[in-house]
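Contents: one structure, followed by commentary.
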Amino acid sequence: MSNGAKAGIALAVAAAGGWAILRPRDRSEPAAAAPLPVETPRPRPVSHRLFDPPDRATFRSWFVFLAESMAVRETAELPRDVVDCAALARFAYREALRKHDGVWAAELGLSRVPPLGAVRQYNYPFTPTKAALFRIDEAGTYAEFADAKTLMRHNARRVSRSLRGAEPGDLLFYRQREGESPFHLMIYLGPGTLDGEPGPFVVYHTGPLDGGPGEIRRPSTAELLRHPEPRWRPIEGNPAFAGVYRWNILLPD
């Protein structure tokens, strides 16, 4: 018997305790689609959020105070890890979440500590990611270090293209075409607390400058808007100005 004839004959097979007839499939019919693999949902990346509005206000106040308090120090008196603009932001962010007592103030060399209370939700380093506060990739990996570019992309969200939308503690990001580190940030202080001047002010670390370690500067926004180099002016028409960003920790979930 030919193979073709055999293919046309019903085949008897034992199935389910009896006999079932299996007929050959018509080759003109499309094969049944293979079932799609079941995708396991990826866990949502850990995200630091302060859910209580008073906690968010307290964090802002501490962050601004700590960043601004560094502006009155000589470079040699700064904490060792405050060496550029991103380092100043990381320092103020981390210390804003600590327990603020006399021992802490002495370790930072703070002669005065404002009565701001404490952030109740987190007490650094007791956070969902422990001491690693800054997200560094799309996968949700956290680390203790993040440069300005990473802070902008993974740890803050743009809220405005001009200073009109800025609140104390927000970040001004720039992307310059020149230099080895094109991303730069400044911290918007609002009125400031150091000398009673109305402001508003920003504060930033220049990073290494002219062969030296650089310094922390605290210009008013009026001075910044008149900066002799237009690329540093925080205005919508400046292509180097990325905008005003807000820390993710301060955003509603």
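Points worth noting:
- The listed residue being surrounded by 13 or more Cβ atoms within 10 Å (Cβ to Cβ), more than 23 Å from ARG56 (Cβ to Cβ) and among the hydrophobic types (A, V, I, L, M, F, W, C), out of ILE187, ILE235, ILE216, ILE249: ILE216
- Tabulated pairs, the stretch 121-143, first free of Cβ contacts under 8 Å to residues at least 12 places away in the same chain, second of a type in the set (Val, Ile, Thr), C-beta under 9 angstrom, 6+ apart or interchain: ALA143/THR129; ALA143/ILE136; ALA143/THR150
- Residue ID - nearest to PHE63 (Cα to Cα), chosen from residues in the stretch 160-171 that are crowded, with 16+ Cβ neighbours inside 10 Å and in contact with a helix residue (DSSP H, G or I) (Cβ under 8 Å, 6 or more places away or on another chain): GLY169
- Of the strands (runs of 3 or more DSSP E) lying entirely inside the stretch 111-228, those containing at least 2 residues that are closer than 18 Å to PRO239 by Cα span 156-160, 171-175, 183-190.
- Any hit, the stretch 191-205, residues being in contact with a Cys (Cβ under 8 Å, 6 or more places away or on another chain), within 30 Å of PRO114 (Cβ to Cβ) and modelled with pLDDT of 95 or more: yes
- Some residue of the stretch 35-50 being of a type outside the set (D, E, K, R), modelled with pLDDT of 90 or more and either part of a helix (DSSP H, G or I) or surrounded by 10 or more Cβ atoms within 10 Å (Cβ to Cβ) (or both): yes
- Condition met for GLY169 (over 10 Å from the mean Cα position of the chain (by Cα), on the phi > 0 side of the Ramachandran plot and in contact (Cβ under 8 Å) with a residue 12 or more places away in the chain): yes
- Any hit, the stretch 80-98, residues being at pLDDT below 55, in contact with a helix residue (DSSP H, G or I) (Cβ under 6 Å, 6 or more places away or on another chain) and assigned to a loop (DSSP other than H, G, I, E, B): no
- Qualifying residue in the stretch 143-151 (condition: under 12 Å from HIS48 (Cα atoms), within 13 Å of the chain's Cα centre (by Cα) and buried (at least 16 other Cβ atoms within 10 Å of the Cβ)): no
- Subset of the stretch 115-142 [exposed (fewer than 15 other Cβ atoms within 10 Å of the Cβ) and within 19 Å of LEU250 (Cβ to Cβ)]: GLY117, ARG120, ASN123, PRO128
- Applying the set (1) surrounded by 15 or more Cβ atoms within 10 Å (Cβ to Cβ); (2) touching a Lys or Arg at 6+ places or on another chain (Cβ under 6 Å) to PRO182 leaves exactly one unmet item: (1).
- For the stretch 169-187, the tally of residues that are at pLDDT 95 or above and among the polar types (S, T, N, Q) stands at 0.
The values are calculated or read from the model by the stated rules, or taken from the named source; none is laboratory data. What you see is a predicted model; the values in this text were computed from it and never measured. Here the Cβ is made from the backbone with ideal geometry for all residues, glycine too, and neighbour counts use every protein chain on show.
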